[in-house]
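The values are calculated or read from the model by the stated rules, or taken from the named source; none is laboratory data. Fair warning: this is a prediction, and the values are worked out from it, not measured in the lab. Note that we place each Cβ from the backbone using ideal geometry, even for glycine, and neighbour counts take in every protein chain shown. Surface accessibility is based on the protein's heavy atoms, side chains included, excluding ligands, DNA and RNA. Shrake-Rupley method; radii C 1.70, N 1.55, O 1.52, S 1.80 Å.
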Amino acid sequence: MELYQKINLHSHTFRCHHATGRVEEYAEEAMRQNLKVLGVSDHTPFPEKRDEGVRMLFEELPEYLREIETAEKKYPEIRFFKALECDYEREMMPFYQELKKNYPLDYLIGSVHYFYENGRVVDAFHEPIDHARLRLYTEAMLENIDSELFAFAAHPDLFALQLEQWDAYAEDCVREICRLAEMKKKPLEINVNGRHKQGQPYPDSRFWKIVGEYDIETLINSDAHTVENLCAEKEYGYELQQRYHLKTWHRLKELV
């Protein structure tokens, strides 16, 4: 059984309000799929009420952690990890550090779902990305990778969903990301959740082909937002690893 089939470190429950399923339901699916390691990683709550529909409320965080701890006791065959997926914002970093310090979290994931353009939020999922916006995305991803707080960088190729043109400039931006990831020894996530979305999916093979030219470790996650997708499409991530000779994050072997 390949390592990617045993481990998933990125999954979401109903608490983030755009996913479904409770931790126990994910655990049952993990048992059916012979998954040995399950990381539950809902989107980080913010101290103020914000982004309703995409993250839990701050006051829900203790119950979220208790739910994972309850599943740990009920399903001893599975190794659980308590995690959060953090939207990278420079101003939020002190808050994320406090979360890691004050709550029993095993790791934090660093993501760039949006970035700021002249004070306005640009949604990388839904808004067109030209050269100027790609520069802003790249800078946010570089800062995300540079942080020691995050265990790995989630879906670094997300920008390609709405990229207006894949050209030499786009490749230069990818190489910037790769050079820093290599230098910082930061694992990059091959996120197969995009395989369930309409339109141009991610992971984007053009991105990962370039990653293969660098000494960067990778991990495959489902980023499941439904129970049935907990292990779905991970084979595609493995195909990319094999095709472009991508290294597997060495720490994964310590988990099983």
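Does LEU158 fit the bill of being of a type in the set (A, V, I, L, M), under 20 Å from TYR88 (Cα atoms) and touching a residue at least 40 places away in the same chain (Cβ under 8 Å)?
Considered against the rule, which asks whether it is of a type in the set (A, V, I, L, M), under 20 Å from TYR88 (Cα atoms) and touching a residue at least 40 places away in the same chain (Cβ under 8 Å), LEU158 comes out as yes.
Please determine whether any residue of segment 25-44 is farther than 29 Å from TYR238 by Cβ and crowded, with 21+ Cβ neighbours inside 10 Å.
No, segment 25-44 contains no residue that is farther than 29 Å from TYR238 by Cβ and crowded, with 21+ Cβ neighbours inside 10 Å.
Consider segment 138-182. How many of its residues are open to solvent by less than 10 Å² (accessible area, probe 1.4 Å) and either of a type in the set (Gly, Ala, Ser) or more than 17 Å from LYS209 (Cα to Cα) (or both)?
11
In the set SER205, SER111, which member is at pLDDT 95 or above, open to solvent by 10 Å² or more (accessible area, probe 1.4 Å) and small (Gly, Ala, Ser)?
Matching residue, one of SER205, SER111: SER205.
Output the residue which, of all residues in segment 208-246 that are of a type in the set (Gly, Ala, Ser) and either under 15 Å from the mean Cα position of the chain (by Cα) or farther than 20 Å from ALA170 by Cβ (or both), is surrounded by the fewest Cβ atoms within 10 Å (Cβ to Cβ).
The selected residue is ALA232.
Could you list, ordered by first residue, the pairs with Cβ atoms under 7 Å in which the first is in segment 208-231 and farther than 28 Å from ALA19 by Cβ and the second is open to solvent by less than 10 Å² (accessible area, probe 1.4 Å) and not in a helix (DSSP H, G or I), at least 6 apart or interchain?
ILE216/LEU188
Quick check on this structure: which one of ILE210, ILE220, ILE190, ILE177 is under 20 Å from PHE115 (Cα atoms) and in contact with a helix residue (DSSP H, G or I) (Cβ under 9 Å, 6 or more places away or on another chain)?
Among ILE210, ILE220, ILE190, ILE177, only ILE177 is under 20 Å from PHE115 (Cα atoms) and in contact with a helix residue (DSSP H, G or I) (Cβ under 9 Å, 6 or more places away or on another chain).
What are the pairs with Cβ atoms under 8 angstrom where one residue, in segment 48-63, is within 17 Å of HIS225 (Cα to Cα) and β-branched (Val, Ile, Thr) and the other, located anywhere, is modelled with pLDDT of 90 or more and not in a loop (DSSP other than H, G, I, E, B)? Sequence gap at least six, or different chains.
VAL54/CYS16; VAL54/HIS43
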